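The values are calculated or read from the model by the stated rules, or taken from the named source; none is laboratory data. Just so it is clear, the structure is predicted and the values come from calculations on it, not from any experiment. Here Cβ is always computed from backbone atoms with ideal geometry, including for glycine, and neighbour counts include all displayed protein chains.
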């Protein structure tokens with residue numbers, strides 16, 4: 001287990017609802033921020049704020065350096081080269097950047113180099129049935145606009161990906177495979193190799209949604225073998241308004257940009273523009289610099305803790321949450337309990353309480369100072385597949401203690417009684 | 001504001017009983033139907049009304065959702081079926097005011113109008129739940145607009 005980190009997270013010291021201490025279990029939605037991140041952002045504005053990559057004065061130099069150092073820190077966290085990390089406003093924007101780049105290519109942008117991004121009728125896009133809406137809708141839209149077909153790897157009745165279906169779903173005409181590294185509902189960590197192996201056989205690009213993995217698990221893009229990966233800052237202890245797209249350099253240099261403006265360009269005439277190479281070609285306009293600096297600080301904070309340690313810590317939390325929920329009468333745990341020793345599941349538990357709506361469950365927990373997410377967690381198709389409209393999710397991070405997890409289980413046990421549902 | 005103050009017994013009872021539940025056909029010339037979804041949680045309701053003269057003669061609905069949304073629909077069905085359209089409008093406005101009152105009670109006149117619906121006073125303290133309580137009322141308002149449209153169309157038809 002990690003040491004108690006509450007001292008690093010000022011917000012966790014506050015009280016809620018009638019003076020109760022806060023038990024924050026909504027990190028899957030957004031994480032709290034350590035002092036290191038708050039101070040990095042604050043220091044940037046107080047001491048170094050200036051226009052990045054423009055001008056030659058001292059502040060412009062310092063701001064540019066802070067911005068690029070942060071990029072290097074984020075790259076180091078995921079085992080990537082610095083010039084393979086593109087800043088975006090978040091993971092949603094990162095996935096849209098790829099899908100819209102492919103749309104631009106399909107409309108003819110990018111010349112011969114962009115051929116591999118061009119889609120049309122007869123091509124296939126593959127996702128999975130457990131995707132967050134952010135890794136489903138951009139591909140739906142791309143399919144609708146290009147005439148390509150959208151297909152998905154299904155899940156079984158427990159919400160587990162049906163790996164045996166990968167070979168038949170990822171067909172020879174599949175051009176891109178977009179999938180989550182870990183489910184924000186079942187917590188299951190995806191066997192990435194199964195997807196990458198098949199995608200390579202058919203020559204399809206792989207796009208990994210790393211929103212739930214990068215903040216919680218050791219992630220090394222070279223070892224994973226995927227082509228592109230999106231992840232957000234605010235879920236990995238960083239600020240909101242910042243995220244990143246990682247991509248293999250040769251791919252990023254060939255993917256047509258879909259947002260246009262200053263700084264991303266080599267030469268502009270009244271008629272035409274040529275783009276810089278990645279990552280700058282995807283970063284037109286003034287960037288969220290302080291947020292990037294904050295995300296860099298978050299990456300450093302996580303690396304200082306050690307991602308192996310983080311994963312082991314959260315596996316212990318997962319065990320308390322998932323075993324506790326699965327053994328409780330009248331409560332259904334979405335997904336499987338998982339094997340914490342194998343770290344095949346995140347530190348979260350999404351549950352359905354028989355006879356009590358998720359909103360009502362959340363309200364009872366909130367009254368005890370326990371903050372969880374209720375609803376469909378931006379994964380409507382998965383919930384529908386599991387026969388429910390919503391669930392109540394407790395999700396952990398580095399600061400979550402065993403006591404926090406026990407508090408959730410204890411409060412959950414009292415929910416059915418409160419609503420007079422027979423146990 | 002305690003949890004028990006929000007989930008008053010009358011709310012729990014209505015959530016269980018579901019007055020007016022069952023989407024029966026309403027065989028009246030002036031009728032309306034509305035389907036409303038709470039996009040934050042996916043809760044939904046389909047509500048039908050039938051109007052006779054200036055009376056809200058029938059209310060029927062089917063829905064699924066949290067105890068607050070289901071109880072709220074049940075209360076409005078019990079409260080407003082058989083009442084005048086004016087009373088329905090005034091009650092809707094009173095309920096909306098109650099939701100915006102941040103947990104404070106309204107004046108006696110409006111609370112009398114609201115009857116059992118005053119039990120939802122605690123919901124006003126929880127901004128995330130106000131939408132739940134209003135789901136059925138929004139459906140009612142929408143369905144009544146249609147029913148009234150059908151009324152005026154019928155009147156115009158009669159005059160032609």
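Can you tell me which residue is nearest to residue B:136 (Cα to Cα) among those in segment B:57-67 that are more than 14 Å from every other protein chain (Cβ to nearest Cβ) and surrounded by 24 or more Cβ atoms within 10 Å (Cβ to Cβ)? Walk me through it before giving the result.
Step one: of segment B:57-67, the residues more than 14 Å from every other protein chain (Cβ to nearest Cβ) are B:57-62.
Among the residues that remain, those that are also surrounded by 24 or more Cβ atoms within 10 Å (Cβ to Cβ) are: B:59, B:61.
Details: B:59: 11, B:61: 9 Å.
Looking at the filtered set, the residue picked out is B:61.
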Next on the checklist: Which of the numbered conditions does residue A:390 fail, given that it passes all the others? Conditions: (1) within 12 Å of another protein chain (Cβ to nearest Cβ); (2) under 20 Å from residue A:31 (Cα atoms); (3) crowded, with 22+ Cβ neighbours inside 10 Å.
Outcome noted: (2)
Item to check | Flag if residue A:125 is within 24 Å of residue A:28 (Cβ to Cβ), assigned by TED's automatic domain parsing to the domain that holds residue A:219 and surrounded by 20 or more Cβ atoms within 10 Å (Cβ to Cβ) | outcome: no
Next on the checklist: Can you say whether residue A:413 is surrounded by 23 or more Cβ atoms within 10 Å (Cβ to Cβ), in contact (Cβ under 8 Å) with a residue 60 or more places away in the chain, more than 11 Å from every other protein chain (Cβ to nearest Cβ) and closer than 17 Å to residue A:326 by Cα, as far as the supplied structure shows?
Outcome noted: no
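Quick test for you: out of B:46, B:91, pick the one residue that is modelled with pLDDT of 95 or more and part of a strand (DSSP E or B).
None of the other options fit; the residue is B:46.
Yes/no per residue for (1) in contact with a strand residue (DSSP E or B) (Cβ under 6 Å, 6 or more places away or on another chain); (2) in contact (Cβ under 8 Å) with a residue 60 or more places away in the chain; (3) part of a helix (DSSP H, G or I):
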{"site": "A:194", "(1), (2), (3)": "no, no, yes"}
{"site": "A:215", "(1), (2), (3)": "no, yes, no"}
{"site": "A:240", "(1), (2), (3)": "no, yes, no"}
{"site": "A:244", "(1), (2), (3)": "yes, yes, no"}
{"site": "A:252", "(1), (2), (3)": "no, yes, yes"}
{"site": "A:262", "(1), (2), (3)": "no, no, no"}
{"site": "A:266", "(1), (2), (3)": "yes, no, no"}
Next on the checklist: Whether any residue in segment B:68-88 is free of Cβ contacts under 8 Å to residues at least 12 places away in the same chain, more than 14 Å from chain A (Cβ to nearest Cβ) and either out of contact with any helix residue (DSSP H, G or I) (no Cβ under 7 Å at 6 or more places or on another chain) or closer than 28 Å to residue A:387 by Cβ (or both) is what I want to check.
Outcome noted: no
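Listed here are the residues, each with its yes/no results for (1) touching a residue at least 40 places away in the same chain (Cβ under 8 Å); (2) surrounded by 16 or more Cβ atoms within 10 Å (Cβ to Cβ); (3) more than 15 Å from residue A:296 (Cβ to Cβ); (4) not assigned by TED's automatic domain parsing to the domain that holds residue A:178.
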site: A:20; (1), (2), (3), (4): yes, no, yes, yes
site: A:58; (1), (2), (3), (4): no, no, yes, no
site: A:66; (1), (2), (3), (4): yes, yes, no, no
site: A:87; (1), (2), (3), (4): yes, yes, no, no
site: A:92; (1), (2), (3), (4): yes, yes, yes, no
site: A:95; (1), (2), (3), (4): yes, yes, yes, no
site: A:114; (1), (2), (3), (4): yes, yes, yes, no
Next on the checklist: I'd like the full set of residues that are surrounded by fewer than 19 Cβ atoms within 10 Å (Cβ to Cβ) and within 19 Å of residue A:54 (Cβ to Cβ), limited to segment A:240-263.
Outcome noted: A:259, A:260, A:261, A:262, A:263
Checklist entry - When residues of segment A:342-364 are filtered for being in contact (Cβ under 8 Å) with a residue 60 or more places away in the chain, crowded, with 20+ Cβ neighbours inside 10 Å and either in a loop (DSSP other than H, G, I, E, B) or more than 9 Å from every other protein chain (Cβ to nearest Cβ) (or both), how many remain? => result 8
Checklist entry - Within segment B:26-34, is there a residue that is over 14 Å from the mean Cα position of the chain (by Cα), outside any strand (DSSP E or B), within 14 Å of another protein chain (Cβ to nearest Cβ) and surrounded by 15 or more Cβ atoms within 10 Å (Cβ to Cβ)? => result no
